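Worksheet: one structure, shown below.
The values are calculated or read from the model by the stated rules, or taken from the named source; none is laboratory data. All values reported here derive from a predicted model rather than from experimental measurement. Using ideal geometry, Cβ is built from the backbone for each residue, glycine included, and neighbour counts are taken over all protein chains shown. Surface areas here come from the heavy atoms of the whole protein model, side chains and all, with no ligands, DNA or RNA. Shrake-Rupley method; radii C 1.70, N 1.55, O 1.52, S 1.80 Å.
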Amino acid sequence: MHVLKKVCCVVLFLFAAAAVWAAGPEGAIAGRVVDSGGNAVAGALVQVSGPLLHEPRGAATDASGRFRFEGLPAGASYDVKVSPVGMNPVVRKNIRVRAGATVMLPFTVAAGATEVTVTAAPPDINQKRTETGSSVYRITPMIIQTLPEGRSTPLNQVVLQAPGVVQDSYGQLHVRGDHGDLQYRINGILLPEGISGFGQTLSTRFAESIDLVTGALPAQYGDRTAGVVEIETRSGAVAGGGSADLYGGARGTFEPSVTSGGSKGSFFYFATASCLESDLGVESPTPGPDPMHDHTRQAKGFGYFSWILNPDNRLSVILGTADSGFEIPNVPGQSPAFRYGGLDPAELASRYPSSSLDETQQETNHYGIVAWQGNPNGRTGFQLALFSRYSSVNYHPDPIGDLIYNGVAASVFRSSFGNGLQGDLAFRLNPHHTLRWGFFAGADHARSDNTSAVFPADALGNQTSDAPLTIVDNHVKTGWLYGAYMQDEWHPTGRLTVNFGLRADGMDAYIRAGQISPRAGLVWKVTPKVTLHAGYARYFTPPPLELIAPTSIEKFKDTTNALPTDADTNVKAERSHYFDVGVVFEPVAGLSLGLDGYVKRVTDLLDEGQFGQALVFSPFNYAKGRISGIEITTHLRRGGWTAYLNAACSSAKGKEVVSGQFNFDAEELAYIASHDVHLDHDQTWTGSGGVSYRWTKTSVSVNALYGSGLRRGFANTLSLPAYMQVNLGATRSVTLRRGRALEFRLSVLNVFDRVYEIRDGTGIGVGAPQYGPRRARYAGVHWEL
């Protein structure tokens, strides 16, 4: 009930900002659609949507490529989407309509319908990012909607559709051979890092579109550089009105959610809230279909509020919250490994069976962003944003069960309170040069509290008493991150774009470090159907302060929680050279083929592992590392058909552990010191694909994920078996009175009920085994209010 109360509070808070608006006098929107050569595009579908329209209005361009919509209620803003046959859809958002006036909109569209793009044309001065030389995989609203679970799909499962993304236990994602190292941005604004558990802080429900930017990133991106997850939020101009959803099915899953969006004058808002209950919160450590002790309750809320101060300035506020509780699933049939209370092992197993352990974890995340964006003279665009985030993980052990089975029962609390300021400025010097500058500064206050019950032991680790003792090991640290960049996007010819710049980064936490990093990238439009891109980036990646928990090695000496070795070195910042080259080929309209290769040479390679009972990861460094790979992407859109197929081959290796050595035993440390070992998250082959078809108001879809298996065994010398999970989905829409829609959805995950292991409990920094989800059937209904 406490979770439901929190959801209600979130809903009341977010919806308190919603106002009822009234329609004013009317205006019009008109325009012309041309291709990149300036030729008129006839027969393109044009749609106008907005808060004062019961449903989007549609029309086709005439022989001259022109369109016009009259009778639009004034005083509001609208979105205009142009969808030419076999070409990229183009959307212009927040078009303000005034009484008695006509807004003229020019549209330029390009051949192809690819979701994988590189930017070759000069960007709009208000563009929040530069992609020159990078690889961008775009997950559009249509792709999200055609996933078997639609907007109920967890965000990590959406990103898994992109090439080179490897799934791991507890919802982790690894992009191009890096452990995590992802940054998330909402509407171009960096979201401070939180403590990673296994709850999904961000929700697919508030995303209009999701881009994964990888490769040799421009200078404006720093710190987390394996990939940038750019989320463009839904807004009141697009999602006018409200909706309610009910979704649920297998293993006690029940997830109600609500959304609301609209505008009044120059104010726009979008809000959503959801509550999830399920008996499958964490991947099961056993192969059976129904894990034991695995209930979860999760509440989430999100709000986006925007004020157009004048035609050149906008103020936006973003608020979000997530509160999740998890039971840690049990493995039945285990035998106690330690004595307690004078009882023999058989009696302990009878009184405290492993199937009845009660370990839980609570995760909390709150974040807020205030951003001022402007374009005062048509040549200069700027953004200034304040952001704040609080996150915590609180692990509660089974006081007796953890002691007798693991030799330690540790209550672990970690929290992080981060605040910062981000600024970006773009200036179009002339048609050939766009200059960009920016800065970032943030402070993070991290807390690590550990209270452990352990048994006394001798130097060999043998238990010497069955009476536990308590050890308290608490730490607090405030760390700083700061950075600045400048770059020039240069167009020497109409077919060639070059972006070069410098970035300076620094950190002051457990260590002080910094680096000046050059970046360079280019895009060459060889022909209208072939685009090449290449880039180089020098990266500086600080260790995640919120995950560093210094351990007082001496405190645990001569206990059943004694660390394998007494060597300990502070975690260092990673430094690397990154090279990327790729090509996108569009042989016919609607078909795109991509090939991309990359190499990363690393000093002090950062990795993370689970080295305790709590499902919290701790960072450490390898002295050297090398990561390389190839990605192949295909995307087809033709009529009602949409299909994609992605494949990636990669290798990620490190040598010699140079920090956090106390987490490793001496034999493994010695082996890693003299061998290049696979990283635990290294997976040679990764694939994703899907096909969907829509006719009238019915759609069906199928998608699949493939992996050749993560690493396992001593020093990651072995790998798990390959796996494939296939999912199905179908939707049917029904139009109600006043144009409202009712949509029904059916989905089946793991259709063939394949049993596969994501982890087997062995490998460097790997905790318990985790199995992929067994077959599950779900149903949902979406109702527009």
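Step through the table entries Lys93/Lys600; Lys477/Lys600; Lys93/Lys264; Lys555/Lys653; Lys572/Lys653, compare each Cα-Cα distance with 27 Å, and write down the pairs that go over it. Kindly include the intermediate steps, with their values, before the conclusion.
Numbers: Lys93/Lys600 38 Å; Lys477/Lys600 31 Å; Lys93/Lys264 16 Å; Lys555/Lys653 33 Å; Lys572/Lys653 18 Å.
From the list (Lys93/Lys600; Lys477/Lys600; Lys93/Lys264; Lys555/Lys653; Lys572/Lys653), the Cα-Cα distance tops 27 Å for Lys93/Lys600; Lys477/Lys600; Lys555/Lys653.
Calculate the radius of gyration of the Cα atoms of the stretch 451-544 to one decimal place, then report Dmax, the largest Cα-Cα distance, as a whole number, both in Å.
For the stretch 451-544, the Cα radius of gyration and maximum Cα-Cα distance read 26.3, 78 Å.
Of Ala244, Thr360, Tyr269, which is farthest towards the positive pole of the stretch 222-367's charge dipole, taken about the Cα centre with +1 and -1 on the beta-carbons of Lys, Arg and Asp, Glu respectively?
Checked the options; the winner is Tyr269.
Find the accessible area per residue for the stretch 358-447; the probe is 1.4 Å, ligands and nucleic acids are left out, and the unit is Å².
Values: 3400 Å² over 90 residues.
That works out to 38 Å² per residue.
Given the stretch 572-687 reduced to its alpha-carbon atoms as identical point scatterers, what log10 I(q)/I(0) does the Debye formula return at q = 0.15 Å⁻¹?
-0.77
Using 0.36 nm per residue of separation minus the Cα-Cα distance, give me the extension gain between Ile630 and Leu309 in nm, one decimal. Write out the running numbers ahead of the final one.
On the way: separation 321, 0.36 × 321 = 115.56 nm, distance 4.66 nm.
Going from the current span to full extension adds 110.9 nm.
Using label points projected 7 Å from each Cα along Cα→Cβ, tell me how many nm separate Asp290 and Leu386, to one decimal.
Reported label-point gap for Asp290 and Leu386 is 5.2 nm.
Calculate, in nm to one decimal, what Val599 and Leu742 gain on full extension: separation in residues at 0.36 nm each, minus their alpha carbon distance. Could the numbers behind the result be given before it?
Details: separation 143, 0.36 × 143 = 51.48 nm, distance 4.86 nm.
My answer for the length gained is 46.6 nm.
So for the stretch 275-391, taking the charge dipole from beta-carbon charges (+1 Lys/Arg, -1 Asp/Glu), which of Pro376, Gly341, Leu386 sits furthest toward the positive end?
Pro376
In degrees, nearest 10, range 0 to 90: what is the angle between the Cα axis of helix 2-15 and the longest Cα principal axis of the chain?
20 degrees
What 222 nm value per residue comes from the helices of the chain, counting each DSSP H run with n ≥ 4 as -39,500 (n - 2.57) and dividing by all residues, nearest 500 deg cm²/dmol? Spell out each step's value before the answer.
Values: 6 runs with 47 residues, N = 785.
Here the helix-only value at 222 nm equals -1500 deg cm²/dmol.
Along the charge dipole of the stretch 490-544, Cβ charges K/R +1 and D/E -1, which of Asn499, Gly514, Val530 sits furthest on the positive end?
Farthest towards the positive end: Val530.
Place a +1 charge on the Cβ of each Lys and Arg in the stretch 612-671 and a -1 charge on the Cβ of each Asp and Glu, then give the dipole magnitude about the Cα centre in debye, rounded to the nearest 20.
Numbers: 6 positive and 5 negative charges, 105 e Å.
Dipole size: approximately 500 debye.
For the stretch 342-477, calculate the relative contact order in percent as a whole number, restricting contacts to Cα pairs under 8 Å that are 6 or more residues apart.
Numbers: 276 pairs, mean separation 26.1, N = 136.
Taking the mean separation of contacting Cα pairs over the length of the stretch 342-477, I get 19 percent.
Subtracting the Cα-Cα distance from 0.36 nm times the residue separation, let me have the gained length for Val691 to Met724 in nm, one decimal.
On the way: separation 33, 0.36 × 33 = 11.88 nm, distance 1.58 nm.
So the extension gain works out to 10.3 nm.
Can you compute 3J(HN,Hα) from phi for each residue in the stretch 654-664, using the Karplus curve 6.51 cos²θ - 1.76 cosθ + 1.60 with θ = phi - 60°, rounded to whole Hz and x for Gly and Pro?
Values per residue, Gly and Pro as x: x, 9, 6, 6, 10, 7, x, 4, 5, 7, 10 Hz.
For the chain, which whole-number percentage of the solvent-accessible area (1.4 Å probe, protein heavy atoms only) is attributable to carbon and sulfur atoms?
On the way: 18390 of 30840 Å².
Whole-percent figure for carbon plus sulfur exposure: 60.
List, in order, the whole-Hz ³J(HN,Hα) value for each residue of the stretch 674-679 obtained from phi through the Karplus relation with A = 6.51, B = -1.76, C = 1.60 and θ = phi - 60°; use x for Gly and Pro.
In residue order, the calculated couplings are 10, 9, 7, 10, 5, 5 Hz.
Magnitude of the Cβ-charge dipole of the chain, K/R +1 and D/E -1, about the Cα centre, nearest 20 debye?
Working: 67 positive and 71 negative charges, 745 e Å.
Once rounded to the nearest 20, the dipole reads 3580 debye.
Over the chain, what is the relative contact order in percent, taking alpha-carbon pairs closer than 8 angstrom and at least six residues apart? Could you put the intermediate results ahead of the total?
Numbers: 2361 pairs, mean separation 91.4, N = 785.
Here the relative contact order equals 12 percent.
Hey, how many Å between the Cα centroid of the stretch 514-532 and the Cα centroid of the stretch 149-175?
The stretch 514-532 and the stretch 149-175 have Cα centres separated by 27 Å.
Where in the stretch 417-451 does the label zone of Thr470 land, with the point 7 angstrom along Cα→C-beta and an amide N cut-off under 17 Å?
What the label zone holds, given the 17 Å backbone N cut-off, is 449-451.
Assigning unit charges at the beta carbon (Lys, Arg +1; Asp, Glu -1) and nothing else, what dipole magnitude in debye, to the nearest 20, does the stretch 457-550 show about its Cα centre? Spell out each step's value before the answer.
On the way: 8 positive and 8 negative charges, 184 e Å.
That gives a dipole near 880 debye.
Can you tell me the mean projection area, over all orientations, of the convex hull of the stretch 628-726's alpha carbons? Units nm², please. Walk me through the numbers before you get to the answer.
Values: hull surface 33.8 nm².
If you wrap the Cα atoms of the stretch 628-726 in a convex hull and average its projections, you get 8.4 nm².
Using a Förster radius of 22 Å, what is the FRET efficiency between Ile553 and Leu460 based on their Cβ-Cβ separation? Nearest 0.05, please.
Details: r = 17 Å, r/R0 = 0.78.
Efficiency at R0 = 22 Å is approximately 0.80.
Working only with C-alpha atoms, what are the Rg and Dmax values of the chain, expressed in angstrom?
My reading of the Cα-based Rg and Dmax gives 26.8, 91 Å.
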